[in-house]
1. Could you tell me which of the residues L120, L70, L55, L74 is outside any loop (DSSP other than H, G, I, E, B), within 11 Å of the ligand (Cβ to nearest atom) and surrounded by 19 or more Cβ atoms within 10 Å (Cβ to Cβ)?
2. So in segment 345-366, with the set limited to residues that are open to solvent by 30 Å² or more (accessible area, probe 1.4 Å) and in a helix (DSSP H, G or I), which one is farthest from the ligand (Cβ to nearest atom)?
3. Which ranges mark the helices (runs of 4 or more DSSP H) fully within segment 216-312 that have 3 or more residues being more than 25 Å from the chain's Cα centre (by Cα)?
4. Within segment 400-421, count every residue that is free of Cβ contacts under 8 Å to residues at least 60 places away in the same chain and closer than 21 Å to A361 by Cβ.
5. Would you kindly identify the helices (runs of 4 or more DSSP H) lying entirely within segment 367-458 that contain at least 2 residues that are more than 30 Å from S57 (Cβ to Cβ) and at pLDDT 95 or above?
6. Considering only segment 80-93, how many residues are within 12 Å of the ligand (Cβ to nearest atom), closer than 15 Å to A114 by Cβ, open to solvent by 10 Å² or more (accessible area, probe 1.4 Å) and touching a residue at least 60 places away in the same chain (Cβ under 8 Å)?
7. Before we move on, is G409 farther than 12 Å from P378 by Cβ and buried (at least 21 other Cβ atoms within 10 Å of the Cβ)?
8. Would you be able to say whether some residue in segment 388-399 is within 16 Å of the ligand (Cβ to nearest atom) and among the hydrophobic types (A, V, I, L, M, F, W, C)?
Amino acid sequence: MEKDADGFYTPATIPSGATTDPPASDASQTTDLIKSTFEVTVTLADQQADPNSPLFSAKTFEELGLHQDLLKGLYDLGFSKPSKIQERALPLLLANPPQNMIGQSQSGTGKTAAFVLTMLSRVDFSKNKTQALCLAPSRELARQIMSVVVAMGKFTQVQTEYAIKDNLPKDAKHITAHIVVGTPGTMTDLMRRKVIDVSEVKVFVLDEADNMLDQDGLGDQTLRVKNMLPRSHPVQIILFSATFPEHVRSFASKFAPNANKIELQQEELSVEGIRQFYMDCRDEEHKYDILVSLYQLLTIGQSIIFCQHRHTADNISKRMIAEGHKVASLHGAKDASERDSIIDNFREGREKVLITTNVIARGIDILQVNMVVNYDLPLMNDRGRGFDNDARPDVETYIHRIGRTGRFGRKGISINFVHDKKTWLQMEQIEKLLGKKIIRIETNDLDDMEEKMKKALK
Ligand SMILES: Nc1ncnc2c1ncn2[C@@H]1O[C@H](COP(=O)(O)OP(=O)(O)OP(=O)(O)O)[C@@H](O)[C@H]1O
């Protein structure tokens, strides 16, 4: 199985044991789609051979001590070599006795495989008992993680279940699945009602851990889940994220005591392949006009437009649709089934432009997304502190938002809209903290804009 251009995993076109060598020449490779896959494959091989790249590894998956069935799953997905985080984290994660882990690596560098392979390695498939729990901050991310569990566990007997809203029948009595993936509210509820029996849980994973532990994020709910875990035996606690801001680091160390730590330096946080731009807009209304003028470019690949508020996402998508553009909007006020169908449509390429809020700022992995627009810059007060006129920029959320593009060595573009002194200063702070230049694009010169963008994507 390989992940096709559209997202979730589909039957294989790459045979078992695939390598990153270019596929043998074949007349069918003349289509653009296949040509671009070919180019990505070649540059990926180069990057995985470069010791300075976060995709580099000196080892093979065989050397990391994985079970044969999991190696089969990996090769079936077209993975040929580990990335740096996989190479460094997996031996520590799989060692016995199990040890906790706090792992940090740039967006799109393969953290999911590291914790999914750990869960799959630790489960005893002969027992119909829940043995691993994984929490993520959104249902969209929980569903994506589950698709990776199922794909990597394809040659195992793994049984899985979701702990996300409106997924199980209200009268569901017992979950016996080996691995349960969900969001903290529903997970707490199912544990409290003893629908999930946690007595044999051995692994507890927090993806996007800084957000899951932050008191301004999902901290309280995550702690509730942890407090319900068994005390009769040690549970391996695994925390992963691209960001671990100072204010959650010490809590993370208490949450996962004596953890092995893999950390990044501040200057390593931003991904090389993502070129960052900004556009100086006159005012709020001008931001809308500029977004509309960008439409052609937004639809070359796929794009995600981030807004600060749900109503902004709804308003601009309604206006654009009324003007004849095809866009979709997604945020947390929509009901579960609608959210699922919107993200699935986007994942499968039926929608090319997704206007959204921070709900999908983290973790979502859609390879064809080559552009991210920060229609509104992310601010600290987005995290629920209430409105604050002097809001500081939320650098972590910024890193995660732009990380929806440039996945695993691909190229991507991010564009920030600024429209007054305040937003300009906020962006300047982000630029300083990340130590990476954000380049200006003229709002009145569409040709220049197109040229700069195409160059950045080459
Ligand atoms: N060893 C590998 N070889 C080839 N592709 C890989 C490998 N590891 C991961 N990938 C692919 O890289 C992409 C990014 O991986 P993943 O979603 O795990 O990133 P991440 O580090 O969790 O990012 P984020 O911080 O945004 O959550 C996925 O499409 C995944 O299938």
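1. Just a single option satisfies the conditions, and that option is L74.
2. Among them, the one singled out is N345.
3. So the answer is 284-293.
4. So the count comes out to 0.
5. 421-434
6. Taking segment 80-93 and keeping what is within 12 Å of the ligand (Cβ to nearest atom), we get 80-87, 89-90.
With the extra rule that they be closer than 15 Å to A114 by Cβ, the set shrinks to 81-87, 89-90.
Still in the list and also open to solvent by 10 Å² or more (accessible area, probe 1.4 Å): 81, 84, 87.
This time we only want the ones that are touching a residue at least 60 places away in the same chain (Cβ under 8 Å), so: 81.
Final tally of qualifying residues: 1.
7. Yes.
8. The answer is yes, given that some residue of segment 388-399 is within 16 Å of the ligand (Cβ to nearest atom) and among the hydrophobic types (A, V, I, L, M, F, W, C).
The values are calculated or read from the model by the stated rules, or taken from the named source; none is laboratory data. This one's a predicted model, so the numbers in the text were calculated from it and none came from an experiment. Heads up, the Cβs are rebuilt from the backbone with ideal geometry, glycines too, and the neighbour counts pull from every protein chain shown. Areas reflect the complete protein model, heavy atoms only, side chains present, ligands, DNA and RNA absent. Shrake-Rupley method; radii C 1.70, N 1.55, O 1.52, S 1.80 Å.
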